[in-house]
Amino acid sequence: MIAYLLRRALWTLSVLWVVFTLSFLLMNAVPGRPFGGDRGMDPEIEKIFRARYHLDEPIYVRYGYLLTDYLRGDFGISKTLRDFSINEIIAQGLPVSATLGLLALLFALTFGIIAGIASAVRRGGLVDHSLMAVATVGIALPEFVVAGLAIIMFVFILPWFPSAGWGSLRHLVLPVVCLGLPYAAYIARLTRSGMLDVLSQDYIRTARAKGLAPSTILTRHALKGSLLPVLSYIGPATAGILTGSLVEEKIFAIPGLGIHLVESVFQRDLTLAMALTMLYTVILCLMNFIVDVLYKVVDPRIKLDA
Amino acid sequence: MTDAPVTAAEKYARLLAEAQQVRGTSLGRDAWRRLKRNRAAMIALGYLFLIGIGALFTPLWPLQAPRMVRSDRAFAAPQFQPAFTQTTTWIDDSGAIDDDAVSAAFGIRAADDPKSGWFDAFNRQLLRLRGAIFGRWEAASWCGCDMLGRDLLARLFWGARISLVVGLVAGLVSLVIGVSYGATSGYLGGTVDSLMMRFVDVLYSIPFIFVVILLITVLDDPEVKAGLSSWGIENRITIFFFVVGAIYWLTMARVVRGQVLSLKQEQFVEAARTIGCNRRRIIFLHLVPNLLSIIIVYLTLTIPRVMLFEAFLSFLGLGVEAPDVSWGVLANEGTQSITAVHIDWWLVVYPGLALGSTLFALNFLGDGLRDALDPRLKNR
């Protein structure tokens, strides 16, 4: 187990290193002007920039400096937001984004698993068909269109929720549901097929023959086995929710990290964009790591090689 | 058993006659027969065909000009009364077409423009044909108007052209990369194979969306742009093709490799090797045609993902550049224009419908094709 964990951690680190190097090379891709154009840059910021990022040194030296900075957890300074370091921006935005993302993931998991079990138990029923419909809509419509339609429906036509902002529970409902619903539908379908698979196994028949209550069979015997496909979907779902949160944060004006990433792209603020890219990559890699380990814990049949 | 005993020769002759009556069926025909029985897939196919024809011959339809700005009717709601009006401005009563007006209103370059290519000529011909058929008639704003008073219906049609081309070309790029990579890796096998597949594993774990955002930010720099246009790359879409192609080939490579691993044990590969075919010939002439079914299926499932990605980039303002439009751009403009003051639902609903229905159809077609080409995969 420990050898496996070490190997997996090494793998994660090497992926992070690849992304770092790629991003660094991209940032320095503009010939003669590292980190993009100087045009319109505040002269004061430019001076600090030159010193901070060692712009007078050759590229491999800068690479070393930046790598050590990142390893120390110091993401540097932004080109456009002069009163904040990138670390401060992250400290402000990350809790908001994390709340949004975790709630959406939680919503997707609980709602998806419950709905999946319901539709497996009543195959071909109303729940089953409506889940299918929601899942296909999630595949076929971009997040911002779904969010736009939701705003029109539940903010303007039916004035139930505020259209934008952050702070109260009511602010949370629309973004979390819009962000999580497609994944909830997909998780429901995974649970459903996993459940149907498990319910036809011999040990379920045995449990039934012993005279256990149907609910006990579902929760005690069938559930764990049917959740394996869901577990392996958490990785991709996290990736989707991370990118989706860029969209939702912008549409619902939520002061998280995503909006900073979107803005940094518009302002061509490459240091900020790179720091946020790395942060998102770290989150994603961590999530994949956890899922892999959990997978092993839940299903002992899985072999321990990376 | 009532027949008189037959000789062996007679028996074989009868068998032969019977065999000649049986018509063999090719794999493709068999799959087509199965696909025809799948109603959802056939509807999807028909719909995609219509959309494709509609987009290809856009200038022929009596639509308004997609770039005609009319501030007097900004955010005008859809209207159907009257359904058609005689109001085109780029064509006069004698049927002559004003080239300058056309290039401003449609973005079709005039014949004397040095940048004008075969596609502009094609569009001009269609416009001329339209003038001959429909005269000065054009459709009213059935889908409403956007913030500059441009007709949404026309913009949807012109956007369809770009959205579909983006999906197709980027899908094809990813297909070429994925198939060559996967087939090569699978056929060579051994250390090369495991090295190539490890590389794919690494790429798989990189969250490319963020890297692509960074990449396009860098490519948007004026200086880089100037450098690129000296290479003949004028447009962000061109870059998009390569970027997407470079990301979405991973699944294709894995699938193709798995298929090649089992195919290369077959006797026809051995036969090809015996008559002295080299590796490249075996891979691309003998193996790849046998992968066609799986390639088509993955292509129909990759295109929707690519189109969604384009929409996502358009939302970030990194997609198709104005004055060009795509469905993603239109849907984004619609979402941006939502305010409490006026609810311009048509600006969100119609682009969403166009994008959604097409992606729906592609998904249905892909699923149908998968079932038709490989019945064993069904219900898996």
Item to check | Nearby aspartates and glutamates by direct alpha-carbon distance to A:K210 (threshold 17 angstrom, same-chain neighbours under 8 apart not counted) | outcome: A:D202
Checklist outcome for this item: In whole percent, the Cα-Cα distances of the protein assembly as shown spread across 20 Å bins from 0 upward as 14, 44, 32, 8, 1, 0
Checklist entry - Where does chain B land on Rg/Rh, using Cα atoms and the Kirkwood Rh? => result 1.09
Checklist entry - HN-Hα J couplings of region B:14-19 from phi, Karplus 6.51/-1.76/1.60, θ = phi - 60°, integer Hz, Gly and Pro as x? => result 5, 4, 4, 4, 5, 5
Checklist outcome for this item: Inter-chain shielding metric for A:161-174, i.e. average beta-carbon neighbours from other chains within 10 angstrom, reads 0
Next on the checklist: What three numbers, in Å, describe the spread of the alpha carbons of chain A along their principal axes, ordered from the longest?
Outcome noted: 78, 57, 30
Checklist entry - In square nanometres, what is one fourth of the surface area of the convex hull spanned by the alpha carbons of region B:121-269? => result 15.2
Next on the checklist: So, for the protein assembly as shown, what is the accessible surface per residue at a probe of 1.4 Å, expressed in square angstrom?
Outcome noted: 50
Checklist entry - Per the Debye formula with a single identical scatterer at each Cα and no solvent contribution, what log10 I(q)/I(0) holds for region B:238-380 at q = 0.09, 0.15 Å⁻¹? => result -0.44, -0.88
Checklist entry - Which of A:K250/B:K225; A:K79/B:K225; A:K224/B:K264 have a Cα-Cα distance over 29 Å? => result A:K224/B:K264
Checklist entry - A:I77's amide H: which non-local residues (gap 5+, or another chain) put their own amide H closer than 5 Å, with H modeled 1.01 Å from N in plane and none for Pro or chain starts? => result A:I86
Item to check | Per-bin percent of Cα-Cα distances, region B:11-58 [10 Å] | outcome: 22, 25, 22, 15, 11, 5, 0
Checklist outcome for this item: Rg (one decimal) and Dmax (whole number) from the Cα set of region B:34-134, in Å, equal 17.4, 54
Checklist entry - If you project the alpha carbons of region B:246-286 onto the principal axes, what extent comes out on each, in Å, largest first? => result 37, 18, 10
Checklist outcome for this item: Here, region B:103-179 modelled as identical Cα point scatterers in vacuum has Debye log10 I(q)/I(0) at q = 0.18, 0.22 Å⁻¹ of -0.96, -1.15
Item to check | C-alpha long axis of helix B:190-204 to longest principal axis of chain B, angle in ° | outcome: 30
Checklist entry - In Å², rounded to the nearest 100, what is the total accessible surface buried by chains B and A against each other with a 1.4 Å probe? => result 4000
Next on the checklist: For Cα pairs less than 8 Å apart in space and 6+ apart in sequence, what is the mean separation divided by the residue count of region A:101-173, i.e. the relative contact order in percent?
Outcome noted: 12
Next on the checklist: If you average the alpha carbon positions of region A:225-284 and of region B:126-196, how far apart do those two centres end up, in angstrom?
Outcome noted: 27
Item to check | Residue-count net charge about A:L199 - beta-carbon cut-off 15 Å; Lys, Arg +1, Asp, Glu -1 | outcome: +4
Next on the checklist: How long are the semi-axes of the equivalent ellipsoid of region A:107-156, taking √(5λ) for every eigenvalue λ of the Cα gyration tensor, in whole Å from largest down?
Outcome noted: 24, 12, 11
Next on the checklist: Ignoring everything except DSSP H segments at least 4 long, calculate the 222 nm mean residue ellipticity for chain A; use -39,500 (n - 2.57) per segment, divide by total residues, nearest 500.
Outcome noted: -24000 deg cm²/dmol
Checklist entry - Using alpha carbons only, how many degrees (0 to 90, rounded to 10) separate the axis of helix B:27-37 from the longest principal axis of chain B? => result 60
Item to check | Per-residue SASA entry for A:R62, accessible area with 1.4 Å probe, Å² rounded to 10 | outcome: 30
Checklist entry - Hey, got the average number of other protein chain Cβ atoms within 10 angstrom for residues in A:17-26? => result 3
Checklist outcome for this item: For region B:67-108, the accessible surface attributable to carbon and sulfur atoms (probe 1.4 angstrom, ligands and nucleic acids excluded) amounts in percent to 51
Next on the checklist: Cα atoms only: what Rg and Dmax, in Å, come out for region A:151-299?
Outcome noted: 20.5, 67
Checklist outcome for this item: Note: B:L56 to B:T85 extended length (0.36 nm per residue) minus current alpha-carbon separation gives 8.0 nm
Item to check | Gyration tensor verdict on region B:233-304 (Cα atoms; rounded if a/c is under 1.5, prolate if a/b is larger than b/c, oblate otherwise) | outcome: prolate
Item to check | Cα Rg, Dmax, region B:152-234, angstrom units | outcome: 18.1, 56
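The values are calculated or read from the model by the stated rules, or taken from the named source; none is laboratory data. These numbers come from a predicted model, not from an experiment. Using ideal geometry, Cβ is built from the backbone for each residue, glycine included, and neighbour counts are taken over all protein chains shown. The area values use the complete protein model at the heavy-atom level, side chains included, leaving out ligands, DNA and RNA. Shrake-Rupley method; radii C 1.70, N 1.55, O 1.52, S 1.80 Å.
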